[in-house]
Amino acid sequence: MALRNILTEEDPALYKISRPVTKFDQRLHTLLDDMAETLRASNGVGLAAPQVGVLRRAVLVVETNVPEGEEEILLELINPEIISAEGEQCGSEGCLSVPEQFGLVRRPEKVTVRAQDRNGNWFERVGEGLTARCFCHEIDHLDGILFTSLAERMLTEEEIQSGEF
Ligand code: ZN
């Protein structure tokens, strides 16, 4: 496994539409393993392949809604699609490609995603709260959308420091 470089917002690759994954081979597995290591090293909750310069529809999302004492689950979502969404939440959102900036973004409270695993098997997964936000945010990356373009407003330095906004 190897750490990959995370592109930042000035990189044009982050604004492109990623292509579907068609080969579920060793190359994909290496990409996913490298992304997992990169995500862990940066303490993020999600990472999309285009953020490491690979314009393919693959994302990682950390499922943080787990029973107390259990480990968080790292979800691999290949060719993910949101098939249903309900409710609404508006809260602070950030991105490893937009370091140290946060904005208020409105997202559904609960989403169901359909995706393939690293071997090409389809599955569905429901995410709530932060996980729903993360599903939306990472899938947006596959369509070249950064949260900064969706934010109702960006938070000020003082708001980020105090946690009050
Ligand atoms: Zn992001």
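The values are calculated or read from the model by the stated rules, or taken from the named source; none is laboratory data. In this text, all values refer to a predicted model and were calculated from it rather than measured experimentally. Heads up, the Cβs are rebuilt from the backbone with ideal geometry, glycines too, and the neighbour counts pull from every protein chain shown. Note: areas computed on protein heavy atoms with side chains; ligands, DNA, RNA excluded. Shrake-Rupley method; radii C 1.70, N 1.55, O 1.52, S 1.80 Å.
Each residue, residue 83 and residue 8, gets one label point 7 Å from its Cα in the Cβ direction; the gap between the two is 4.0 nm. Based on DSSP H segments of at least four residues, each scored -39500 (n - 2.57), the chain has a per-residue ellipticity at 222 nm of -7000 deg cm²/dmol.
For the chain, the relative contact order comes to 24 percent (Cα pairs under 8 Å, sequence separation of at least 6). The residue among 163, 134, 113 whose Cα reaches farthest toward the positive pole of the charge dipole of the stretch 98-165, with charges on the beta-carbon of Lys, Arg, Asp and Glu, is 113.
The label-point distance for residue 126 and residue 15, in a model that sets each label 7 Å from Cα toward Cβ, rounds to 3.9 nm. Helix 26-42 and the longest principal axis of the C-alpha atoms of the chain enclose an angle of approximately 20°. Over all pairs of different C-alpha atoms in the chain, the reciprocal of the mean inverse distance, the Kirkwood hydrodynamic radius, equals 16.1 Å. Remark: the residue 150-residue 40 segment gains 37.0 nm on full extension, using 0.36 nm per residue and subtracting the alpha carbon distance. Note on residue 23 and residue 143: the extension gain reaches 41.2 nm, defined as 0.36 nm multiplied by sequence separation minus the Cα-Cα distance. With a 1.4 Å probe rolled over the protein heavy atoms of all chains, the accessible area of 24, 135 falls in the order 24, 135, largest first.
Comparing 69, 144, 46 in a Gaussian network model of the chain where C-alpha atoms under 10 Å apart are linked, the largest mean-square fluctuation is found at 69. For the stretch 1-42, applying the loop criterion from DSSP together with a ceiling of 10 other beta carbons within 10 Å to the GluC sites (Glu not before Pro) yields 10. Looking at the stretch 82-136, the accessible area is 48 square angstrom per residue; that uses a 1.4 Å probe and ignores ligands, DNA and RNA.
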